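One structure is given below, encoded as structure tokens.
Taken together, the values in this text are just the output of simple stated rules run on the coordinates, not laboratory data. These numbers come from a predicted model, not from an experiment. Methodologically, a virtual Cβ is constructed for each residue, glycine included, from the backbone with ideal geometry; neighbour enumeration extends over all protein chains shown.
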Amino acid sequence: MPKNVVVEEVEEVATPKKEEPKVEAIAENRSEVSTPIENEKANYLWIIIPTALLVGALVGGLITYFSGISKLQTVENSPTPVVSIEPKASPSASPSASIKRSEIKLQVLNGSGTSGFAGKAKTYLEGLGYKDVAVGNAVSSDFAETEIQIKDNVEEFLDTITTDLSKNYTVAKDTKTLTASSKYDVVITLGKK
């Protein structure tokens, strides 16, 4: 006989099984959880980037400004060449500037009483650059000093002629004015000295 086989049914005890998380569920959870964080980061980036650009532009502008100021101060501190402006020749300013020796008509008169004195003076004056020099004798031969007579229109030349004559002759301090009708610009009467 068959033996009775008792088969016991064993109920399986419900043990919690670890369920494999579904990839889709995790992905959904991530999107749900990370979306606000990423949104906050994105919002901060919109604030940070323009702020950084603004600060960079401000710093660059300040650097440019202050480097320009330092260059300006360097230029201001460097010695500046002094330019002197000389006025143009006026009728009484610089005599030889506007009238040249070669343009003056001279007459040299011998008032010393020494023969050939006017000829020597002519040679001397021509050596200085005078071109038109006439010689003759003065009305008298008792002049102590050399006298100069000059036209008003060439009076600016008086200092030059006086300087030229003073090297070899004693020139009187007083000068006389020639008439405008005179054919000479300057008449020099040589004295004994």
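Of note:
- Gyration tensor verdict on segment 114-153 (Cα atoms; rounded if a/c is under 1.5, prolate if a/b is larger than b/c, oblate otherwise): oblate
- For a paramagnetic label modelled on Thr123 (point 7 Å from Cα along Cα→Cβ), amide N atoms under 17 Å away belong, within segment 161-193, to 168-169.
- Label-to-label distance, nm, for residues given as Val55 and Ala144 (7 Å Cα→Cβ offset): 9.8
- Above-threshold pairs, the threshold being 22 Å between Cα atoms, out of Lys122/Lys192; Lys100/Lys192; Lys120/Lys167; Lys105/Lys193; Lys167/Lys193: Lys100/Lys192; Lys105/Lys193
- Per-peptide average of other Cβ atoms within 10 Å, ordering 162-173, 101-112 highest first: 101-112, 162-173
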